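Input: a single structure, listed below in structure tokens.
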Amino acid sequence: MKQMEPCPATVGKRSPEMTSRGLVITLIAALLVVTSGAWLLDSNSAPPIPSSVKADEVIVHKYDRNLLLIKSGKPLKQYTVALGWNPRGPKTREGDGRTPEGRYRIDWRNAKSGFHRALHISYPNKRDRQKARKLGVSPGGAIMIHGIKNGAGWLGSFHRFYDWTNGCIAVSDKEIEEIWRVVPNGTPIIIHP
């Protein structure tokens, strides 16, 4: 059977439908690249918070994967975070991979953590311990806001592609440096679902 040769008049030319479809696909691809690129940028690409300013509250929205530093009821800065590997619902027991939900405080810090800097969250509170006791389990603890595992800081914002902690709230190393500086011990933290 003889193969059909393309018509010489159409070689190298595109139909108007193909051109429009190609343009739409190109625009969609460009939009995806731009929006994903913005998502990957560290929050430190925004102006740094002046060293004299201290946050008076931290708010985390688990669903939106963001952490807000608040001063006098107004946002200072927002960071995109990674959470525990099983992020839905409140933490109920040790090892469940969930990030707690509720009202806590930043009660101490660890400059020599296995992760780049760590601010401890006062989980479990009295309510969390009571729930765990009813279930006959340990509530767990050691919930922190921290950077990347030591030695892996080169990951930067790419760590946010999935929830990877055991229940902590993770930011990039650059971001934890700023958070460490502006969030004093005793600062309230509210973690929303």
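Listed here are the residues, each with its yes/no results for (1) at pLDDT 95 or above; (2) farther than 18 Å from VAL171 by Cβ.
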site	(1), (2)
ARG93	no, yes
ARG98	yes, yes
GLU101	yes, yes
ARG105	yes, yes
ALA118	yes, no
PRO124	yes, yes
GLN130	yes, yes
SER138	yes, yes
ILE148	no, no
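With respect to the stated conditions, TYR79 fails to be more than 17 Å from GLU175 (Cβ to Cβ), modelled with pLDDT of 95 or more and in contact with a strand residue (DSSP E or B) (Cβ under 9 Å, 6 or more places away or on another chain). Go over the candidates GLY167, GLY186, GLY151 one by one and state the one that is in a loop (DSSP other than H, G, I, E, B) and within 17 Å of LEU69 (Cα to Cα). Matching residue, one of GLY167, GLY186, GLY151: GLY186.
Can we say LEU40 is at pLDDT 95 or above, aliphatic (A, V, I, L, M) and within 20 Å of the chain's Cα centre (by Cα)? For LEU40, the condition - at pLDDT 95 or above, aliphatic (A, V, I, L, M) and within 20 Å of the chain's Cα centre (by Cα) - is not met. Count of segment 164-177 residues, restricted to those that are surrounded by fewer than 21 Cβ atoms within 10 Å (Cβ to Cβ) and under 24 Å from PRO90 (Cβ atoms), is 2. Residues in segment 108-146 that are of a type in the set (Gly, Ala, Ser) and under 22 Å from PRO90 (Cα atoms): ALA118, SER122, ALA132, GLY136, SER138, GLY140, GLY141, ALA142. In a residue-by-residue description of segment 135-145, the property of being outside any strand (DSSP E or B), farther than 23 Å from PRO47 by Cα and under 18 Å from the mean Cα position of the chain (by Cα) applies to at least one position. Among the residues of segment 74-97, those identified as buried (at least 21 other Cβ atoms within 10 Å of the Cβ), part of a loop (DSSP other than H, G, I, E, B) and in contact with a Phe, Trp or Tyr (Cβ under 9 Å, 6 or more places away or on another chain) are LEU83, LYS91. For first residues located in segment 116-132 and among the hydroxyl-bearing types (Ser, Thr, Tyr) and surrounded by fewer than 22 Cβ atoms within 10 Å (Cβ to Cβ), partners that are at pLDDT 95 or above and assigned to a strand (DSSP E or B) and lie 6+ apart or on another chain with Cβ distances below 7 Å form the pairs SER122/TYR104; SER122/ARG105; SER122/ASP107.
The residue of segment 98-131 that is nearest to HIS146 (Cα to Cα), among those that are in a strand (DSSP E or B) and of a type in the set (D, E, K, R), is ARG109.
The values are calculated or read from the model by the stated rules, or taken from the named source; none is laboratory data. Being a predicted model, the structure only gives us computed values, none of them experimental. All Cβ positions, glycine included, derive from the backbone under ideal geometry; neighbour counts span all protein chains shown.
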